[in-house]
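Okay, structure first, notes after.
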Amino acid sequence: MNIYIQAAAQISAQEPMGNAWFQRPLRFTERYVRSIDPNFKEYINPMEARRMGKILKRALATSLEVVRKTGIDHPDAIITGTGLGCIENTEKFLTAMVRDGEMYLQPTYFMQSTHNTISSQIALHLKCNKYNTTYAQRGISFESSLLDAYMQFELGKIKSALVAGHDEMTPDYFVLLDKINYWKKGEVNEAVLRKSDSLGSFAGEASSCFMLENKKTDLTICELKGVDLFFNPSPLRMKEAIEELLSKHNLHINDIDVVLTGINGDKDNDVVYHQFQQHFFPETPMAWYKHLFGESFTATGLATYIAATAIQKQILPVDYLYNRTSTLNGLKKILIYNHFQNKDHALILLSSC
Amino acid sequence: MEALILELKKEIIEVLNLEEIKPEDIDENAPLFGEGLGLDSIDALELIVLMEKNYGIKLNNASEGRDIFKSVRVMAEYIEKNRTK
Amino acid sequence: MDVTICSYCRLTNDKVVVNGMEIPIQKTEGPWLNDIYRSLKISYPKFFKMDNLSKAGFLASELLLKDEIIDKENPKKDISIVLMNRSASLDDDRMYQETIEDKNNYYPSPAVFVYTLPNIVNGEIAIRNKIMGETSFYISEAFSAEKIYNVAMDAFSDESISQVVCGWTDYELNKCDVLLLWIRKENQNGIPFNINNIYHLHI
Amino acid sequence: MIYQLSDNIISSLGFTSEENYAAVKEGVSGLKYYETAFDLPEGLMASCINDEALEDAFFSIKTKSKVLYTRFEKAAIVSAYRALEKTNINPAGDNVLFILSTTKGNVELLDRNKSKQYESERVYLWRSAQLISSFFGNPTEAVVVSNACISGAAAQITAMRLLKHSAYDFAVVIGADMLSKFVISGFQSFKSLSTEICKPFDKNRCGLNLGEAAATLIYGKSENENLIPEKSVMLLAGAIANDANHISGPSRTGAGLCIAIEKTIQHTNIQDIAFINAHGTATPYNDDMESMAITDTGLQALAVNSLKGFFGHTLGAAGVVETIISGKALSDNTILQCKGLEIQETVCPLNVLMKNESSNKTHFLKLLSGFGGCNAALLLRKK
Amino acid sequence: MNETIVVSGMGIITGLGYGKEATITALRSKRSGIGKMHYLNTIHADYPVGEVKMSDEKMREFLGIPADKIITRTPLLGIMAIKEAIKEAQLEEKRPRRIAFINGTTVGGMEKSEQYYPEFVNTEAYIAAHDCGTSCEAIAETFEGFDLITTISTACSSAANAIILGANLLKTGRVDAAVVGGTECLSKFHLNGFSTLMILDKEACKPFDANRVGLNLGEGAAYLVLEKQSDAKRRGITPLCKLSGYANTCDAFHQTASSPDGQGAYLAMRDALEDAKLKPEDIDYINAHGTGTQNNDVSEGMAIVRIFNENIPPVSSTKSFTGHTTSAAGSVESVISILALQHDFIPANLNFTTPMPELSFTPVKDNVTKKLHHVLSNSFGFGGNDSACIFSKIE
């Protein structure tokens, strides 16, 4: 069984949809960076878009982009990961409910507040009756979606899958998370993030969408070799998991060209990645990306986008390399390692093909 | 009456997020659902909220709206007759 | 197939870097490429007949192959030279155009005309080092590590070729942009020859 | 190995491969003497594409494109269009790759008087290639090969390599070069032009003639068996080698050409080769050099011809034009004469044909040499 | 990969009470759990609900969770239910090697968020508790040794989809046991939400009745422990039943409404049957989604007619007992379906009087005792997320 990423699309703090930014990513010094939106009118007609919050428009636009690229308009599965779901509409409903004392509430905000609105809107737009689901497990929501798709390919239940990760960050939610030390208090820049000597990162948004298929075509970007989730794993469990993953594909530690991590400047967060590298991949170059996108529950979708693009282009600009080395043995295998608050952990292995 | 119709048009545009549409684009005699503006059942629910919030008219059942929301003019006539604020 | 970069040379308007080390150049008021030539203490009088593109490519190849090809005499049939740039030979083309532009001052120069082909730079490097493998030149809108990688790897499809001089040699409107790589197959030492590494060596 | 699926030649002898081949078979040369041409002080023997005919041909292609094309681009487009027309290939597909072979492209736009209507980027070869491939809606970036006079062969070798290991199914190889004051004055300054019809491999050869052409060869992978026309020719092998001797003059020994020939024919029975279509520019040095290389590689008994007496030297187009014509001859069981030849005399004697002969052998060898010391050999075979 | 998946334990808490015993007793005696609201502070207190009759404090006390630990009602309900399931499956005593926990929820920590929104003054800890994943983690942490956890949030089909993911995890050999299901507490947020959609009934709901008005909200949690039949045998566990087939499809008709012909529901049931390699006539009982809204019941009913034609098995919606427990409904009703299977008993569809003119069948009005082999449980959600699971007796 092989699974290939056939097309990818993203909307983030970097230029949306295309790849031009990849070799020249923008840098930020703010604590809160919102995504750059494409012209949604190119994807969704205004009558359809009028009730949608930002996250839904982004989800639909990125989905339609991968559908357009691949021509797969009825994927066998539509799976979305979202840590917070449609938080903008949730807030609108919640605010009105608290403010107006449960009176005059608008149904639109409610019906577009649930997490599964995203997957179902995509299905609705595509008129796709097939498998449709949504994962909301904080920082591993995207990986959960990928795992679901992976297993269904493995079981031969599907031949194609649209897998996405979407999270928006509203001003109000930014303030709430600021109260619980999600964000740094002072100025944010690459040097500060690299230092990792205080709590918090900076806030970003992430929308990414991938079309997976079980056959290789001219479009194929890279191969999805594996995805695994772990809850509170011991170092021993992690070691075992890495060995299993590598041996399943006849690989050796040295075959992993880059480990792409979720280092984000938060000291409690980053120490886990440093330990991971020391224990398991002491010789392998370590890469990061959240300094260019901000922290978001489904940032791993962007990590997947970056790793896939790097494999496709066979270039990983030094901007993404944590230890600033630029000489790589190759870009055939990238391991994405992500953890959320050291509880939820995930591995994704991508490979050239 | 004409003032109410204009007011209603503006309110409908706002509450239904009909960004591209101006009040003069809405024919007050044309059906709101299906053919005309192409509104759907969720819009009907939003209009029910609008009726209650702005005019104090409480509809308990979505199907009651079916007759009232035939057109902007019908809506306005109904409001004139039944408004409590 | 494992291919490694044995040495590389980056030549721009202000720097000469070989295998990561900047080479000190004695600057004068004169042309930069001539300064490099003098600083390197090369003795190859034909250098001064060359156009800028050939000069730049030639200098980079001298630095690149210094330790690799000491023997300049014996024919080397196992080496190819595959180059690429954006402007072909337009820098020299414009100079030649000037010689024919004015009817009253019409003096077409064969010495300038001979350089109005981009692949002359391959020829210059081949002659200097007696390299008799394939010499090819491709044009690309912009520097592309991927294309350089592909055409260089394709050169190995001729089984008798074991080494390739490849890279980007562009010289136009006083802007010099050269990255030359010496690559070899089945060689363990050196930087892996891959797109990522080509890309970064050009930065 | 890759197959020729379609072809076209735009030259002074006609706007289809068939017209061109028929003229050549009849012995008609496209070379003509121009008293005054290109604003040059000297007269010129050359083979030029008829302007009006090119305009008509381009006009007959219905296009929505608003781009103002140069003469060079028009010729390339018309040629590619006519070659594609004969196939079912959708040039807008991402499995189709355009490969452009040219030495000087739009070089005449360096003349300020001629460039006013065009953007400044138009002199770049990649820009022409972009415009040509996008005329056909092709989504992939065209490859540009600029390897002096062997470009046309180098482009075919590139096509062979790319089709072998990439996702492309078809390569549209276009070779094109137009004459300009720039090019002609250069060759004149070299004193390498003959004012008479050139005499390849002749005792009294005294220089070459220049020519214009745009020619297209469409190659496909051998998997596409059902697309291959009955009289297709396939490209079996090709190699390039350098003389490492002199940038403008050919090697005195033909060392580079020898290497290229040896690599190309190493797996072939020489008895199967019907003829060698030589570069044969009719300059004293080139033809001597070729005679030595042919002799040193043990091919001196084979029939040899050069097509320069029909088309002149069409530079970046030469490799494509001459491969097409030779392929047509091979399929026609014919070995074409070497137009212009009267008394054969080269350093090493060769069997150069003075009139058409017939042969049902299956292969031919194509040779090219160019500035920069480069040499190329191609080996082709009947289907 | 084709090994049989069995249910080796389950736990439940709903308006009917805590535990399987309480549940089956209430079902047998046709005692509905729907009634007046006690714990939710809302102006819509006149809507009847299927509330779990235990305060947060009471549950904390029962579970031994200190008062200062931050935990919201949704995970509390979850912990109650998971305890029972883990115990029955003897996961602690006879530990499988790797265990997954898949939780379905949509509301998450909303019930506290809405209380403290927008300022969260002095209650910052509840900010982190807002999202769905936190509820999952809070439940997971009460049991040592879950190796893989995640949350599914597909509104009212969440728990059914958790069952499906769990089964796929087992079939691909990623884990050796999976605790799957859902939990959801009542919140003002979704009560008001359903209210704006005008699909709440002020009376007890009447699924599949011509005069149905809407649904009653409920709350609760339920989990199943799934494992491969061979693993259960190895551990010395007697499984309760098989999970013989399942499917997830999408109606792709409307964001909140179901298609009139029930296309999504039809496909879910058809594919689940195919997955189970069963024919429609093999199904002995359908535990319908049957919310009691105009739209759902006609859509689901039409789909049932399309699948089963003339031979429609007994159908009932036990939402007339529990209320609509939204994200938990899929597992709550799976537990009820399995109880039915174990006891050869079909629970009644309460409050039914008048047949729907659109449908050729009526739901079972009264409890029925009948030998059951295969039970189909439907779970449909907003956005057209339709799932169906089939449970079968091990014979």
Qualifying residue in the stretch E:281-302 (condition: free of Cβ contacts under 8 Å to residues at least 40 places away in the same chain and surrounded by fewer than 24 Cβ atoms within 10 Å (Cβ to Cβ)): yes
Scope the stretch A:35-54; condition within 14 Å of another protein chain (Cβ to nearest Cβ), assigned to a helix (DSSP H, G or I) and not small (Gly, Ala, Ser); matching residues: A:Phe40, A:Lys41, A:Pro46, A:Met47, A:Glu48, A:Lys54
Any hit, the stretch B:10-29, residues being touching a residue at least 60 places away in the same chain (Cβ under 8 Å), within 28 Å of E:Ser195 (Cβ to Cβ) and open to solvent by less than 40 Å² (accessible area, probe 1.4 Å): yes
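Being in contact with a strand residue (DSSP E or B) (Cβ under 6 Å, 6 or more places away or on another chain) and more than 21 Å from D:Asn277 (Cβ to Cβ), is that true of even one residue in the stretch D:144-152?
Yes, there is a match, as at least one residue in the stretch D:144-152 is in contact with a strand residue (DSSP E or B) (Cβ under 6 Å, 6 or more places away or on another chain) and more than 21 Å from D:Asn277 (Cβ to Cβ).
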Selection status of A:Leu260, farther than 23 Å from A:Thr29 by Cα, in contact (Cβ under 8 Å) with a residue 40 or more places away in the chain and crowded, with 19+ Cβ neighbours inside 10 Å: no
Residue within the stretch C:123-141 that is at the interface with chain D (Cβ under 7 Å from one of its Cβ atoms), more than 19 Å from C:Lys55 (Cα to Cα), free of Cβ contacts under 8 Å to residues at least 40 places away in the same chain and in contact with a Ser or Thr (Cβ under 6 Å, 6 or more places away or on another chain) present: no
Members of the stretch C:98-122 found to be closer than 20 Å to D:Ile150 by Cα and either within 7 Å of chain D (Cβ to nearest Cβ) or of a type in the set (Phe, Trp, Tyr) (or both), listed by number: C:Phe113, C:Val114, C:Tyr115, C:Thr116, C:Leu117, C:Pro118, C:Asn119, C:Ile120, C:Asn122
Test: residue in the stretch D:246-260 that is surrounded by fewer than 21 Cβ atoms within 10 Å (Cβ to Cβ), touching a residue at least 60 places away in the same chain (Cβ under 8 Å) and hydrophobic (A, V, I, L, M, F, W, C): no
Exclusive hit being within 14 Å of chain A (Cβ to nearest Cβ), more than 15 Å from the chain's Cα centre (by Cα), over 23 Å from A:Tyr320 (Cα atoms) and not hydrophobic (A, V, I, L, M, F, W, C), set C:Asn197, C:Asn189, C:Asn174: C:Asn189
Long-range neighbours under 9 Å by Cβ, at least six apart or interchain, first residue touching a residue at least 12 places away in the same chain (Cβ under 8 Å) within the stretch C:16-30, second among the basic types (Lys, Arg) and part of a loop (DSSP other than H, G, I, E, B): C:Val18/C:Lys66; C:Ile23/C:Lys15; C:Ile25/C:Lys15
Matching strands (runs of 3 or more DSSP E) fully within the stretch E:162-255 where at least 1 residues are open to solvent by less than 10 Å² (accessible area, probe 1.4 Å) and outside the structural domain of E:Arg95 (by TED's automatic domain parsing): E:241-250
Helices (runs of 4 or more DSSP H) contained entirely in the stretch A:108-201, each with at least 1 residues that are within 7 Å of another protein chain (Cβ to nearest Cβ) and within 22 Å of A:Ser296 (Cβ to Cβ): A:117-126, A:141-154, A:171-179
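From E:Ala288, E:Ala329, grab the single residue that is of a type in the set (Gly, Ala, Ser), outside the structural domain of E:Ile12 (by TED's automatic domain parsing) and in contact with a Pro (Cβ under 8 Å, 6 or more places away or on another chain).
E:Ala288
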Condition met for A:Lys57 (within 14 Å of chain B (Cβ to nearest Cβ), crowded, with 19+ Cβ neighbours inside 10 Å and not in a loop (DSSP other than H, G, I, E, B)): yes
Strands (runs of 3 or more DSSP E) within the stretch C:66-173 that include 1 or more residues open to solvent by 20 Å² or more (accessible area, probe 1.4 Å), of a type outside the set (Asp, Glu) and modelled with pLDDT of 95 or more: C:163-172
Matching residues, the stretch D:60-102, being loosely packed, with under 15 Cβ neighbours inside 10 Å, hydroxyl-bearing (Ser, Thr, Tyr) and within 15 Å of D:Ser133 (Cβ to Cβ): D:Thr63, D:Ser65
Residue under evaluation C:Ser157, criteria (1) in contact (Cβ under 8 Å) with a residue 12 or more places away in the chain; (2) under 28 Å from D:Leu163 (Cβ atoms), criterion not met: (1)
Boolean, E:Ser113 is of a type in the set (S, T, N, Q) and touching a strand residue (DSSP E or B) at 6+ places or on another chain (Cβ under 8 Å): no
Checking E:Ser158 against (1) surrounded by fewer than 18 Cβ atoms within 10 Å (Cβ to Cβ); (2) at the interface with another protein chain (Cβ under 10 Å from one of its Cβ atoms); (3) not β-branched (Val, Ile, Thr), the condition it does not meet: (1)
Criterion: more than 20 Å from the chain's Cα centre (by Cα) and more than 10 Å from chain A (Cβ to nearest Cβ) - qualifying residue of E:Leu226, E:Leu278: E:Leu278
Residue match in the stretch A:292-303 (condition: of a type in the set (Val, Ile, Thr), open to solvent by 10 Å² or more (accessible area, probe 1.4 Å) and either touching a residue at least 24 places away in the same chain (Cβ under 8 Å) or on the phi < 0 side of the Ramachandran plot (or both)): no
Condition met for A:Ala96 (at pLDDT 95 or above and either in a helix (DSSP H, G or I) or in contact with a Leu (Cβ under 9 Å, 6 or more places away or on another chain) (or both)): no
Whichever residue in the stretch C:59-97 is hydrophobic (A, V, I, L, M, F, W, C) and more than 13 Å from the chain's Cα centre (by Cα) and, among such residues, is farthest from the other protein chains (Cβ to nearest Cβ): C:Ile70
Subset of the stretch D:201-229 [of a type outside the set (Lys, Arg), touching an Asp or Glu at 6+ places or on another chain (Cβ under 6 Å) and under 22 Å from D:Ser291 (Cβ atoms)]: D:Phe201, D:Asp202
Test for E:Thr134: is it within 17 Å of E:Asn103 (Cα to Cα), within 11 Å of chain A (Cβ to nearest Cβ), hydroxyl-bearing (Ser, Thr, Tyr) and open to solvent by 10 Å² or more (accessible area, probe 1.4 Å): yes
D:Val123 vs. criteria touching a Leu at 6+ places or on another chain (Cβ under 8 Å), open to solvent by less than 10 Å² (accessible area, probe 1.4 Å) and within 8 Å of chain C (Cβ to nearest Cβ): no
Hits in the stretch D:329-383 - residues which are open to solvent by 10 Å² or more (accessible area, probe 1.4 Å), in a helix (DSSP H, G or I) and more than 14 Å from chain C (Cβ to nearest Cβ): D:Ser331
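The values are calculated or read from the model by the stated rules, or taken from the named source; none is laboratory data. Just so it is clear, the model here is predicted, and its values are computed rather than measured. No Cβ is skipped: glycine too gets one built from the backbone with ideal geometry, and neighbour counts run over all protein chains shown. These accessible areas exclude ligands, DNA and RNA; they are computed on the full protein's heavy atoms, side chains included. Shrake-Rupley method; radii C 1.70, N 1.55, O 1.52, S 1.80 Å.
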